[in-house]
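A short write-up of the structure that comes next.
What follows is calculated from the coordinates using simple rules that are stated; it is not laboratory data. Please read these numbers as outputs of a predicted model, since none were measured by experiment. Because the Cβ atoms are built from the backbone with ideal geometry, glycine has one as well, and the counts that use them run over all protein chains shown.
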Amino acid sequence: MNLLIINGGPRKSGRTKMAASYIANVYKANHFDLSEKEFPLFNGEESVSKHQYVQELRKLVKEADAILLLSPEYHNAMSGALKNALDFLSSEHFSHKPVGLVAVAGGGKGGINALNNMRTVMRGLYAHTIPKQVVLDPNCFDYELKGLHSESALLIDQLVKELTVYTEAIQKIQQ
């Protein structure tokens with residue numbers, strides 16, 4: 001399965017980046033990291049859509065069999081960086097594509113609003129967002145190893161397994 005991990009966290013050393021990097025390494029997935037890209041601001045104009053990072057993201061999403069979106073929760077929603085990047089994409093990129101969701105929460109607010117926000121946007125792009133979703137709190141991380149504790153790694157493994165099931169089912173239907 002050609003899995004694409006999209007780190008929607010803008011912080012260069014944040015927990016969302018740590019989780020996305022960990023997942024990409026464990027599952028040998030492609031990784032598009034918004035914290036490392038000078039992504040343009042979406043304004044609907046064609047000239048901005050020709051930006052190299054926009055073109056790179058469009059290509060990666062279109063070629064992926066499945067997508068895993070990660071975002072911190074900022075003010076009860078996904079990050080502005082992720083929403084901005086998603087605005088450059090369309091149903092052409094996501095139609096019938098399985099998508100898994102991970103929110104990275106902090107401050108005791110839970111992450112559910114970021115998950116719901118991502119789910120709403122994915123519905124608008126005609127993606128198949130799978131039912132299983134994961135929230136990673138600050139205590140889920142192994143900061144020394146820059147990874148996840150075993151219980152949290154298991155949750156991610158279950159998410160990726162469910163994403164794989166949906167991906168294989170959709171691929172069989174499309175044959």
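Scanning the range 124-156 for residues that are without any contact (Cβ under 8 Å) to a residue 60 or more places away in the chain, charged (D, E, K, R) and surrounded by 12 or more Cβ atoms within 10 Å (Cβ to Cβ) yields Lys132, Asp137, Asp142. Each residue in the range 22-55 was checked for being small (Gly, Ala, Ser) and buried (at least 17 other Cβ atoms within 10 Å of the Cβ), and 3 pass. It is to be established whether one or more residues within the range 103-116 are in a helix (DSSP H, G or I), small (Gly, Ala, Ser) and touching a residue at least 60 places away in the same chain (Cβ under 8 Å). No: zero hits. Among the conditions (1) under 21 Å from Asp137 (Cα atoms); (2) among the basic types (Lys, Arg); (3) assigned to a loop (DSSP other than H, G, I, E, B), the only one that Lys37 does not satisfy is (1).
Pairs only if they're at least six apart or on different chains, beta carbon under 7 angstrom, first in the range 42-61 and under 15 Å from Ser90 (Cβ atoms), second of a type in the set (Asp, Glu) and part of a helix (DSSP H, G or I); list them, first residue then second. Final answer for the pair search is Phe42/Asp87.
Scan the range 63-72 and give yes if some residue there is without any contact (Cβ under 8 Å) to a residue 40 or more places away in the chain and surrounded by fewer than 20 Cβ atoms within 10 Å (Cβ to Cβ), otherwise no. Checked the range 63-72: no residue is without any contact (Cβ under 8 Å) to a residue 40 or more places away in the chain and surrounded by fewer than 20 Cβ atoms within 10 Å (Cβ to Cβ).
Only a single criterion out of (1) of a type in the set (A, V, I, L, M); (2) buried (at least 16 other Cβ atoms within 10 Å of the Cβ); (3) closer than 20 Å to Glu162 by Cα; (4) out of contact with any Leu (no Cβ under 7 Å at 6 or more places or on another chain) is not satisfied by Met18, namely (3). Considering the range 80-102, and only residues there that are of a type in the set (S, T, N, Q) and assigned to a helix (DSSP H, G or I), the residue that is farthest from Ala64 (Cα to Cα) turns out to be Asn84. Could you run through the range 157-175 and say how many residues are hydrophobic (A, V, I, L, M, F, W, C) and in contact (Cβ under 8 Å) with a residue 12 or more places away in the chain? So the answer is 4.
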